[in-house]
Every structure is written in C-alpha cells, then in structure tokens.
1. Could you pull out the residue among 183, 168 that is closer than 30 Å to residue 106 by Cβ and either modelled with pLDDT under 95 or out of contact with any strand residue (DSSP E or B) (no Cβ under 8 Å at 6 or more places or on another chain) (or both)?
2. State whether one or more residues within the range 176-192 are assigned to a strand (DSSP E or B) and in contact (Cβ under 8 Å) with a residue 60 or more places away in the chain.
3. Answer yes if at least one residue in the range 1-10 is buried (at least 24 other Cβ atoms within 10 Å of the Cβ) and within 22 Å of residue 174 (Cβ to Cβ), and no otherwise.
4. Only one residue in 148, 223 is surrounded by 17 or more Cβ atoms within 10 Å (Cβ to Cβ), out of contact with any strand residue (DSSP E or B) (no Cβ under 6 Å at 6 or more places or on another chain), assigned to a helix (DSSP H, G or I) and on the phi < 0 side of the Ramachandran plot. Which one?
5. Look at residue 264 and say whether it is part of a loop (DSSP other than H, G, I, E, B) and modelled with pLDDT of 95 or more.
6. Taking residue 168 as the residue in question, decide whether it is more than 23 Å from residue 268 (Cα to Cα) and either assigned to a helix (DSSP H, G or I) or touching a helix residue (DSSP H, G or I) at 6+ places or on another chain (Cβ under 9 Å) (or both).
7. With 69, 14 as the choices, which residue is buried (at least 18 other Cβ atoms within 10 Å of the Cβ) and over 20 Å from residue 193 (Cβ atoms)?
C-alpha cells in the first residue's frame, strides 16, 4: 500500500489494475470497513482498468486526525489521493458511509466523471437515526469489541447469516483492528452530514448527463429499499441495480454486484477519450 499525509495522519491506498479507455475507478468503503471490503468484488472487473481503493481516516491502516471525521474532511482526503495520483475525471463509488463521502466529494470538487451510491443514500440522518448514533458512541466508549461483535451481523439479512458465518467472522476481525477514536470520529461525522439529494436531482456539470449509478438491496435493513425508491428515479441517475440481498451485498451477492458495477463502469468508456 502507498500512503499520503493528511493533517499529520497517514492515509493509505491501493492501486491495482491496468490503464485502459475507462476512467479510474475509486472505491470508498463503509463504516467499520476498510479497503479490503472490495477484495471479493473486484476480482474480475479490476482487469477492466485502474482501480484505487482508499482506507478512509480511522479505518484500515489510515490514522485519525480529528475527534470528528466529517464527510467533507473525508472527501478532502479522497481529493488529496486523487491529486497525488494525477487522476482525471475518476468514477467514484462508495459503500454506505463511503457513499456519503462520494457525495461530499462531488459537491466540493469538479474532478469527477461518475458517482456511484453502493447501498448508500443521499439523505441526512433522521432525528431517530441521530439518537441511534449517540447510543452507538456510548457503547463504543464502554466496550468497543462488544459493539463491533453486535453491529456487524446486523448488517446482513437474518436469513443469510447462517450461511455467511465465516464471512461475518472475517469482517468482525477486520473491524476489531479499528481504534475507539476512529470509530467515534466516524459516528460523529455521519451524524452531522447534510442532505445531498439535490445532487441527484440537479447534478453538477461534471455528473451530467446521468452519470450517477445506484446499487441497492431489497433486504437492506440499514437503508430500506422503500427509502431508496423515493430518490432512485431522480433526473441525475442513469444506472440502477437492485439486489435481492441486504446492506452487505458485496459479500452475500458478490457475483451479481460485481457484474453490475462492471456494467456501470463500462458505460464511461468515452469519458477520457
């Protein structure tokens, strides 16, 4: 892994694949995850072109730089990596929290050729959700390990958990590598994020026409499909994929999710030509 420094903290990233006519695909993981979440997904489509996977602040090997890692701060981190690599109009795909970061990046920077929300949402936290974040922060401060061991299985559809024990156990092990400070900073950042639905309704020129892709799950208990259907047909959305699985479709519905991401990525073949 390579790294940069951001406000005194290391930020690590992977670069794989090979140059092609496709713009570079930048992958942003979700909360309690890191760049390894994409390992199963990119096995085939990394052959299509360059892929950059970033460990967001406080996750994976990347360090902490603040008591709150806002989505805007994380977007700045993504911008720094993209700038160091000299990428032009990359396609940015984010899972859950990574989608929040991708939205912030698209709002702040013009250097983007496509935006993907992978089991994510443009909505801000509801009041009920903010209260859940507050409770989660308390639990993390009291017993980080217990919080992680309870939280990760809940991200998977209940009926699929028995068949995914090894996958869930591995994700728990990865999450246990995180510090209390990193987890809390991310919780606070997600809680304070703003609604960015307008980016889908009236996208910036860099995302026109319809350069936004949405990947969602029928059984997602974190971001309910009923909520997704409220905005999935927004004018800026040009690609839709609905998995029959839940929030962790990249692990439970890998083949279909990988095919969908590859199909969406291929649609950008003309961008850098």
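The values are calculated or read from the model by the stated rules, or taken from the named source; none is laboratory data. Quick caveat: nothing in here was measured; it's all calculated off a predicted structure. When we count neighbours, we look across all protein chains shown, and the Cβ atoms used for this are built from the backbone with ideal geometry, even at glycine.
1. 183
2. Scanning the range 176-192, I find no residue that is assigned to a strand (DSSP E or B) and in contact (Cβ under 8 Å) with a residue 60 or more places away in the chain, so the answer is no.
3. No, the range 1-10 contains no residue that is buried (at least 24 other Cβ atoms within 10 Å of the Cβ) and within 22 Å of residue 174 (Cβ to Cβ).
4. Of the residues listed, the single one that is surrounded by 17 or more Cβ atoms within 10 Å (Cβ to Cβ), out of contact with any strand residue (DSSP E or B) (no Cβ under 6 Å at 6 or more places or on another chain), assigned to a helix (DSSP H, G or I) and on the phi < 0 side of the Ramachandran plot is 148.
5. no
6. Spelling it out, residue 168 is indeed more than 23 Å from residue 268 (Cα to Cα) and either assigned to a helix (DSSP H, G or I) or touching a helix residue (DSSP H, G or I) at 6+ places or on another chain (Cβ under 9 Å) (or both).
7. 14
Residues are listed down the side, and each one gets a yes or a no for (1) under 19 Å from the mean Cα position of the chain (by Cα); (2) assigned to a helix (DSSP H, G or I); (3) touching a residue at least 40 places away in the same chain (Cβ under 8 Å):
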residue	(1), (2), (3)
156	yes, no, yes
161	no, yes, no
164	no, yes, yes
241	yes, no, no
250	yes, yes, yes
